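Please read the structure below before turning to the comments.
Throughout, read-outs are computed from the coordinates displayed, never taken from laboratory work. As the structure is a computational prediction, the values presented were derived from the model and not from experiment. We place every Cβ from the backbone using ideal geometry, glycine too, and count neighbours over all the protein chains shown.
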Amino acid sequence: MATLMTERKRSALTRNRLPRYSPWAIAAGAVVVAAALMSLIGFNVFGWAVLSAVLFAVANVSAAAIVEGRRKAVDKMMTSLVYGAFLVALLPLVSVIWTVLVQGIPGLLTPGFLTTSMNGVTGAVDNASVENGTPVLGGVYHALVGSVLITLWATLISVPVGLLTAIYLVEYSAGNRFSKAITFLVDVMTGIPSIVAGLFAAAFFAMILGPGTKTGFVAAVALSVLMIPVVVRSSEEMLKIVPNELREAAYALGVRKWRTILKVVIPTAISGIASGITLAIARVIGETAPLLVTAGFATTINMNVFAGWMASLPTFIYTQIMTPTSPSNADPSTQRAWAAALLLIILVMLLNLGARLVARLFAPKTGR
Amino acid sequence: MSTTKLAPAKGAGPERSGRIGDKVFSGAALGAGALIVTVLFAVALFLIVQALPTFTANPADITGGEGFFAYIFPIVIGTLIAATIALLIATPIGVAVALFISHYAPRSLARGLGYVVDLLAAIPSVVYGAWGASFLASQLKGPYAWLADNLGWIPIFGGPASGTGKTILTAGIVLAVMVLPIIASLTREIFLQAPMLHQEAALALGATRWEMIRMAVLPFARGGIISAVMLGLGRALGETMAVALVLSSGPLIASLIRSGNQTIAAEIALNFPEAFGLRMHELIAAGLVLFVITLAVNMVARWIINRHKEFSGAN
Amino acid sequence: MKALHIGRVAAVLAVGALALTACGTDSVVPPAAGGSSSAASGPSVTGTLTGTGASSVSAAMDAWKAGFESANSGAKIQYSPEGSGAGRKALIAGAVQFAGSDAYLKDEELASAAEKCGPDGAIDVPWYISPIAVAFNVEGVKDLKLDADTVAKIFRGDIKNWNDPAIAEANPDAKLPDLAITPVHRSDNSGTTENFTDYLAAAASSVWTDKKSGDWPASLPGENAKGTSGVVKTVTETAGAVTYADDSAVTDALGKVELKVGDSFVPVTAEAAAKAVDAATVVEGRNANDLSLKLDRTTTVAGAYPAVLVSYGVFCASYPDQATVDLVKAFGTFAVSEDGQKQAADAAKSAPLSSELAAKAKAAVESISVAK
């Protein structure tokens, strides 16, 4: 390959650049050489792909170093690294998603899974379904309702509080002592272990409403404690990078500060804010430990967040995995757990879609 | 942040509602901040009151029998090891993924990829835990054995390798996979906000793509990257279920590929349900320690960010 | 406020999700299944009974809940499997009406229970028995005869290989491979660990020098995993691994140890477990109706399997109002009744209480009264 390169170099000497087809040529060479090397040590597709990619990157960078100079070579190297990192990151993520899809789809497609609760489903029922080969009974409806309601309430609490705090920090505080205290405390809040947030909410409501108060709302408060710092932190970052020129332009036109914030600053940052909020929701919607101590563990449908125990998808997944409904035939429980996990991911996907829609609707038109 | 000085002239504006709006709005913003402060104090108070009996108890009564410090020290180190592994892996890859999506990938592809990355942040930790315990751990058995055989002279790869693959290194990798989407998603947003003019100017001066990124994007994004990494670290430090499911815990050891070590969050989750009396206070005190660690790390991060404040758009 | 917009979208999504499954229902299982339930001995009770506690009984609890609610249509049982300690704590704090616990109340807990439960404190009633199997993953070997000392040595890491003479001598027929033993234990604090270490400490006292504890002794080597399902899964995936787990969760893929009792070897069965519980004595110095059991782990009763976990229903000795008392009594008696025990055994593969113990348990529950 080296000879090929030097020839090309000569023919394109005046411009000191590699010809356009060189990456393709190098790629083809890398694939062939990798195949040859792999056949020496035992062939497998995965190793072949990895080796090809590495060879391609090395050859491409060295070719650039020889022909195009150091700067171009560094650029090519960084490009290879970025692409490589992306591919490396995809591996586990694809593996996780694949696992969830493969294990979750059969359960999700079971009739009644989405529309029934676990009321009355006992180990005997599961044993019967395994022994007779009948479909797995019992569903996730109660947990789905619980998760949606609890997360909704947590969002209703934390987004206004979190966003307003971020606005205060960036727009109003002028770096005063109080704002430093808030920043500090928000940092502290990110360090609260999730179980502690749950215990705190449980203790707080036990103090007000008597011991053993477990409702969806208590869980929502616990989740808010976890959610608020994420919202503040990400929104603050996003508000900060809104260029000052925009604010000054609005002020110059005589626009009030609060209207400037609402109509100029937030729309500019909305995409990032929405992303941050989605992340925050995603962070808490999968929480298990705080929900167990705040919302209890229900097997029946409860639509009221202010009274009675409530199920949720994470607690459902957790209990189905850790304490199968039938200890001796855990397969139906495992199936339900994976299906619920898949459902949880789909739920977040929808939420994410919604947040992006919002961002799209309100974001100002930019070059990107 | 001196925006208040730039605020439009006050006084006899045509619309009075505007002034009221201003007051209401700034009041609400202030109120939200105050609420956070209040909640935090309540949580801190709760933690301290609940943890206090641990520090006054007879050292012999604490788990391990040698006092709270001897009990907490190994799991603090374990927590730091796991979080360090996670960040060492996730930070470069996460930033690279964000760069890929914002500056390398074709635009049509980038949107979809951004979406997938956001989505991954949403997978519940129980699922990551189950995946790590059942899939990843068994995949890593072979590599661990190889490491123990060939690099065993390095203490962190000391053998014999774990027979189940459920080690602190596996836990760290699972944590890395979990925090990667957080870092990638937030830094991507920051990269996208980097001033276009600077970038175009850099390219116009003949900079290569990497030079443009290094000069016009990364300096601008430094504070944001650190912030994103800290959020990731917060999750890595506090992650409970994934570690509890993946790690085969034990006493503190240097080797990363043997079963052993424990993290604070997992220690709490595994023992809290059965805890009674002093043991419960002990675990809450462990929570307090975790709290303090996260705080210390965050303060360092804030300090670094503040040194680079000049890049913030709002100053 | 964009927050409102986002909230609105979230609300729309929520409504959408609800509308999508608006036909959600609690009637999952065809009612014909358990129609002949004869638990309703007397007028049916109404109300909601709340409990928290051990996860070991959760499968049995599901069965009792289903059986009880179908017999008493106005009654509702809710149980959160957060752990024995959490359950006892909640009962003492007055947060729940009953607790499930893998260990009876400790003395200091009993003392503090008086505050919410009246001067007579609380009572422990055994309602669930589960034998603890020693399960192993050795290809081609499905059962091994071992004495307590050997089991203890295996879990302490003193016996390191499956072809060790101590194992081979007792099992001349088994084809023991040259395979390293990987002991696997529970990483979480659990009643199973407590009962198993209690058994080892009593029956193999010369080898097992640690005290009984819900935490596995930290100084011992070995792997661990969370929960019964976790250890069983780990052992299933690791050749040469051995663990202890509730028998119901041990799959056919694993082999089980027959423990030496007296001069013979006893396999894990429900009857053998119940027999060991019958040989237990009631702990003295407690409420007359308390049935805390002191298990004799060194029993020589023929056919008794001493590594067994007894889970208790913990109730207050008195409740403030008649309705709660009726509900608690009805549920408690149902759980320990022959019918309730059978339903639990069907669902959880647990060992039913012997009729003798069930009668005592019923009497204990009947003693619950209204606080004066």
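Converting the Cα gyration tensor eigenvalues of the range A:22-108 into ellipsoid dimensions via √(5λ) gives semi-axes, longest first, of 32, 18, 8 Å. Taken residue by residue and averaged, Cβ atoms of other chains lying within 10 Å of the Cβ of A:90-99 number 6. Counted by neighbouring Cβ atoms within 10 Å, the residues C:Ser73, B:Ser108, A:Ser129 run from fewest to most as B:Ser108, C:Ser73, A:Ser129. The shape of the protein assembly as shown can be summarised by an equivalent ellipsoid whose semi-axes, obtained from the alpha carbon gyration tensor, come to 53, 37, 25 Å from longest to shortest.
For chain C, set up a Gaussian network in which alpha carbons nearer than 10 Å are linked by springs, and say which option among C:Asp178, C:Asp124, C:Asp147 fluctuates the most. With Cα springs under 10 Å in chain C, the top fluctuation among C:Asp178, C:Asp124, C:Asp147 is at C:Asp178. Which shape class applies to chain A: rounded if a/c is under 1.5, otherwise prolate when a/b exceeds b/c and oblate if not, where a ≥ b ≥ c are the square roots of the Cα gyration tensor eigenvalues? Because a/c hits 1.5 or more and a/b fails to exceed b/c, chain A counts as oblate. To the nearest 10 degrees, how steep is helix C:191-203 against the longest Cα principal axis of chain C, on a 0 to 90 scale? On a 0 to 90 degree scale, this one is about 40. The base-10 log of I(q)/I(0) for the range C:188-246, evaluated at q = 0.13, 0.20, 0.27 Å⁻¹, reads -0.34, -0.78, -1.20 [Debye formula, identical scatterers on Cα atoms, solvent excluded]. Counting beta carbons within 10 Å around each of C:Lys342, C:Lys212, C:Lys175 and listing the fewest first gives the order C:Lys175, C:Lys342, C:Lys212. Secondary structure note: in the protein assembly as shown, about 55% of the DSSP beta bridges are antiparallel.
Taken over chain B, the alpha-carbon convex hull comes to 204 cubic angstrom per residue.
Within chain B, the whole DSSP H helices whose Cα atoms reach 27 Å or more along their own axis and whose mean Kyte-Doolittle score is at least -0.5 are B:16-56, B:67-99, B:168-193, B:218-238, B:278-307.
Counting beta carbons within 10 Å around each of A:Arg256, A:Arg336 and listing the fewest first gives the order A:Arg256, A:Arg336.
What average count of beta carbons from other chains do you get within 10 Å of the Cβ of residues in B:286-295?
For peptide B:286-295, the averaged partner shielding equals 4.
Semi-axis lengths, largest first, of the ellipsoid equivalent to chain C are 38, 27, 20 Å, with √(5λ) applied to each eigenvalue of the Cα gyration tensor. Between A:Leu246 and C:Ala323, what's the calculated FRET efficiency when r is the beta-carbon distance and R0 is 51 Å? Round to 0.05. FRET efficiency, A:Leu246 to C:Ala323: 0.20. Full extension of the chain between C:Lys211 and C:Glu356 yields a length gain of 49.1 nm, computed as 0.36 nm times the residue separation minus the alpha carbon distance.
Taking a ≥ b ≥ c as the square roots of the Cα gyration tensor eigenvalues, with a/c under 1.5 meaning rounded and otherwise prolate when a/b beats b/c, else oblate, which class fits the range A:37-170? It comes out oblate by the Cα gyration axes.
Taking springs between alpha-carbon atoms closer than 10 angstrom, which of A:Trp98, A:Trp338, A:Trp48 fluctuates most in the Gaussian network model of chain A? Judging by the Gaussian network model, the answer is A:Trp48.
Within chain A, the selection of entire DSSP H helices by a Cα span of 30 Å or greater along the long axis and an average Kyte-Doolittle value of at least -1.0 returns A:45-67, A:70-109, A:141-167, A:216-240, A:331-362.
Listed by chain and number, the aspartates and glutamates placed with their C-alpha closer than 16 angstrom to that of A:Lys180 are A:Glu171, A:Glu236, A:Glu237; residues fewer than eight positions away on the same chain are left out.
Pick from A:Glu171, A:Glu287, A:Glu131 the residue whose mean-square fluctuation is largest in a GNM of chain A, springs joining Cα atoms under 10 Å. Of the options given, A:Glu131 has the highest mean-square fluctuation. Straight-line cross-link reach from C:Lys145 at under 13 Å between alpha-carbon atoms covers these aspartates and glutamates, not counting any fewer than eight positions away in the same chain: C:Glu169, C:Asp173, C:Glu258, C:Asp263. Taken over chain B, lysine pairs spaced eight or more positions apart, or on distinct chains, with alpha carbons under 19 Å apart number 4. Shape class of the range A:280-368 from the Cα gyration tensor (axes a ≥ b ≥ c, square roots of the eigenvalues): prolate, since a/c reaches 1.5 or more and a/b is larger than b/c.
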